[in-house]
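Let me begin by presenting the structure, written as structure tokens, before commenting on it.
What follows draws every value from the coordinates through simple rules; no lab data is involved. From a predicted model like this one, the values you see are computed outputs, not experimental measurements. Cβ sites come from the backbone with ideal geometry, for glycine too, and all protein chains shown count toward neighbours.
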């Protein structure tokens with residue numbers, strides 16, 4: 001594995017670089033997704049710029065929130081050594097609080113610039129799939145989230161055993177799903193891409209979690225990631241069944257036609 005890269009005499013940690021690249025790629029894919037719904041080119045440029053700004057502000061806000069949440073978890077330690085707050089090592093960030101707060105900031109900022117909520121959700125979901133492709137490639141390089149022992153010809157040597165390159169499985173599957181959704185983006189209504197992306201992510205997690213070596217389990221060995229993935233799949237399928245109905249039928253989702261008619 002390659003947890004660090006040596007370039008021009010510098011030692012560069014792969015995990016933070018992968019995270020930054022994932023953010024950049026995800027933001028760009030989300031921005032391009034927004035253009036599909038904007039209609040007029042002037043509106044497309046405005047929405048795209050607003051979304052890019054929103055993701056940048058969300059990144060900064062998420063990093064601060066992740067740092068504060070981690071510090072609150074170890075309050076006594078940071079109270080004794082306040083200067084530790086300025087250490088931004090990836091291991092000293094509470095990722096989920098940071099992601100949640102950053103996403104909320106993206107939505108709030110985008111709404112302030114008059115982007116429809118359904119369009120924000122579509123752009124965010126497509127961007128997230130793209131970012132996860134890069135993130136899993138980074139995990140393959142660092143050896144994180146590694147797979148179970150395997151005897152297949154493409155197994156990789158890690159921690160003294162040949163293992164499934166599950167990170168590559170996930171990255172490849174997500175990339176295929178993203179490509180399919182990108183090809184379909186001209187034929188969907190606002191909000192629909194979000195649920196399709198959730199369905200893709202749920203299906204990938206449900207299947208490939210079985211190849212992970214140390215998944216979080218619950219009760220009698222039930223893998224929690226697969227439980228959440230199954231819930232995501234069922235929820236997405238339920239909502240998409242309404243999108244499949246003709247818009248004039250009672251019970252079909254109300255779609256803001258002004259999104260395409262600006």
- line: With Cα springs under 10 Å, the Gaussian network model of the chain assigns the largest mean-square fluctuation among 128, 54, 104 to 104
query: If you line up the long axis of helix 41-73 against the longest principal axis of the chain, both from Cα atoms, how many degrees apart are they, to the nearest 10?
result: 40 degrees
For the stretch 15-78 and the stretch 215-231, distance of Cα centres in Å: 29 Å
query: Taking a label point 7 Å from the Cα of residue 151 along the Cα→Cβ vector, which residues of the stretch 186-219 have an amide N closer than 20 Å to it?
result: 211-213
field: Burial ordering of 159, 47, fewest other beta-carbon atoms within 10 Å first
entry: 159, 47
field: Cα long-axis angle, helix 166-184 against the chain (0 to 90 degrees, to the nearest 10)
entry: 10 degrees
field: Computed helical MRE - 222 nm, the chain, DSSP H runs ≥ 4 contributing -39500 (n - 2.57), nearest 500
entry: -21500 deg cm²/dmol
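From the square roots a ≥ b ≥ c of the eigenvalues of the alpha-carbon gyration tensor of the stretch 37-190, which class results: rounded (a/c under 1.5), prolate (a/b over b/c), or oblate?
Numbers: a/c = 3.40, a/b = 1.13, b/c = 3.02.
It comes out oblate by the Cα gyration axes.
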- request: Could you list 182, 218, 195, 95 in order of exposure, starting from the residue whose Cβ has the fewest other Cβ atoms within 10 Å?
  value: 218, 95, 182, 195
- prompt: In nm, to one decimal, how far is the modelled label at residue 72 from the one at residue 86, with both set 7 Å along Cα→Cβ?
  reply: 2.4 nm
- request: Starting from the Cα coordinates of the stretch 127-251, work out the convex hull volume and express it per residue in Å³.
  value: 118 Å³
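If I take every Cα pair under 8 Å that is 6 or more residues apart in the chain, average their sequence separation and divide by the length, what percent do I get for the relative contact order?
Values: 364 pairs, mean separation 53.7, N = 262.
Relative CO of the chain lands at 20 percent.
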- prompt: Where does each of 111, 212 land when they are ranked from fewest to most other beta-carbon atoms within 10 angstrom?
  reply: 111, 212
